[in-house]
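Let me begin by presenting the structure, written as structure tokens, before commenting on it.
The values are calculated or read from the model by the stated rules, or taken from the named source; none is laboratory data. Note that the structure is a prediction, hence the values are computed from the model and not measured.
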Amino acid sequence: MAEATAMKEKAEKTMEKAAETMKERKGPIAAAMAIPENAPSPFYLGMTVGSIVLSLILYGLRKKEDAIFVGHWAPTFLALGLFSKLVSGMEKK
């Protein structure tokens, strides 16, 4: 139990440090990295559902390789949404 608590505290410190580093950075790269932080959660859910629907449409049109490619976008959008929640949660503390 103590190990889990220590790991959780270490992860929180790491996330706080990453959030501070992102605040300090300036320039086009930092601006591009800030875009996912500013997008609302429904945006990521919509992108996830949209990629699944587009994948089904492509599969129905017998474009199997394209459908598989687009279908792989869904987990990426979900991961970006989770990252956004984690970063915004750290900034509010």
Can you give me the ranges of the helices (runs of 4 or more DSSP H) entirely in the chain with at least 2 residues that are at pLDDT below 80?
2-24, 28-38, 73-92
Within the stretch 47-81, residues within 15 Å of the chain's Cα centre (by Cα) and among the β-branched types (V, I, T) come out as T48, V49, T76
